[in-house]
Amino acid sequence: MTAAVLALGIGAVTASGCVWYVPALVDLRAGADRPASRRLAATACVTGWATAGATALLLLAGAPGPFLLAAVVAGAIASATARAGAAVRRNREEREDAACWVALDSAPPRRRPPPPQHAFARRTGAGLAVSVVIVSLLSTWGRSRGVSGAVTVAVPTALAVLALVAASAVRRGRERE
């Protein structure tokens with residue numbers, strides 16, 4: 001695959017990532033109206049997507065491999081560090097809120113569990129991700145071992161269907177409760 005094709009693919013994924021980085025930019029623009037943890041998480045999001053965009057530009061510019069790898073690693077480390085800082089800050093903010101509620105001699109509001117459709121989507125997505133990994137492993141490793149194309153397609157498809165059935169069963173079970 002040429003660098004231009006890879007850059008085009010990364011650029012398309014980066015452009016479609018606007019559903020994440022545009023709200024993050026709004027959080028950053030809001031400034032002190034947002035909690036510090038949320039602003040840090042938004043910084044991590046914008047840093048990660050900016051790294052992807054910069055990678056596409058570097059590929060188009062014909063940057064050498066070591067320079068490209070260094071830029072990607074630096075962006076990933078910066079994004080991961082900001083995200084970890086946001087998680088630490090969020091825990092600190094939650095402890096401060098709990099202490100304020102105790103000072104008011106009242107119970108803090110309970111955190112609501114995520115809606116069932118989010119749990120369903122997470123379980124289904126996890127099953128599909130495992131299926132994609134198995135497809136890639138079977139297609140690369142299986143070809144050299146003589147695994148047929150039918151097995152390469154049937155096994156991950158069966159796993160994806162099982163993940164969907166399991167997620168549906170768990171959802172129905174929780175709806176009955």
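Taking into account only those residues within the stretch 93-131 that are in a helix (DSSP H, G or I) and exposed (fewer than 12 other Cβ atoms within 10 Å of the Cβ), which is modelled with the lowest pLDDT?
Step one: filter the stretch 93-131 for residues in a helix (DSSP H, G or I), giving 93-103, 116-131.
Next, only the ones that are exposed (fewer than 12 other Cβ atoms within 10 Å of the Cβ) stay: 95-96, 99-100, 102-103, 117-118.
Numbers: ARG95: 91, GLU96: 92, ALA99: 87, CYS100: 86, VAL102: 82, ALA103: 82, GLN117: 58, HIS118: 64.
Of everything passing the filter in the stretch 93-131, GLN117 is modelled with the lowest pLDDT.
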- Message: Among the listed residues ARG83, ARG29, identify the single one that is touching a residue at least 24 places away in the same chain (Cβ under 8 Å) and basic (Lys, Arg).
- Response: ARG83
- Cβ pairs under 9 Å, 6+ apart or interchain, first in the stretch 1-23 and without any contact (Cβ under 8 Å) to a residue 24 or more places away in the chain, second of a type in the set (Phe, Trp, Tyr), ordered by first then second residue, are CYS18/TRP49
- Cβ-Cβ below 7 Å, separation at least six or inter-chain, first residue in the stretch 47-60 and within 11 Å of ALA74 (Cβ to Cβ) and at pLDDT below 90, second assigned to a helix (DSSP H, G or I) and β-branched (Val, Ile, Thr): which pairs? none
- VAL72 versus (1) among the hydrophobic types (A, V, I, L, M, F, W, C); (2) over 30 Å from ASN91 (Cβ atoms); (3) open to solvent by less than 60 Å² (accessible area, probe 1.4 Å): which is the lone unmet condition? (2)
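Tally the residues that are buried (at least 18 other Cβ atoms within 10 Å of the Cβ) and of a type in the set (Gly, Ala, Ser), restricting the search to the stretch 12-49. Walk me through it before giving the result.
Looking only at the stretch 12-49, we keep the residues that are buried (at least 18 other Cβ atoms within 10 Å of the Cβ), and these are 14, 21, 24, 27, 37-49.
So of that shortlist, the ones also of a type in the set (Gly, Ala, Ser) come out as 24, 37, 41-42, 44, 48.
So the count comes out to 6.
Taking the stretch 50-62 only, how many residues are over 21 Å from the mean Cα position of the chain (by Cα) and open to solvent by less than 30 Å² (accessible area, probe 1.4 Å)? Talk me through it step by step, then tell me what you get.
Step one: list which residues in the stretch 50-62 are over 21 Å from the mean Cα position of the chain (by Cα), which gives 57-62.
Cutting the leftovers down to open to solvent by less than 30 Å² (accessible area, probe 1.4 Å) gives us 59.
Qualifying residue count for the region: 1.
The values are calculated or read from the model by the stated rules, or taken from the named source; none is laboratory data. Every value quoted in this text rests on a predicted model; they were computed, and no experiment measured them. Note that we place each Cβ from the backbone using ideal geometry, even for glycine, and neighbour counts take in every protein chain shown. All accessible areas refer to the heavy atoms of the entire protein, side chains included, with ligands and DNA or RNA removed. Shrake-Rupley method; radii C 1.70, N 1.55, O 1.52, S 1.80 Å.
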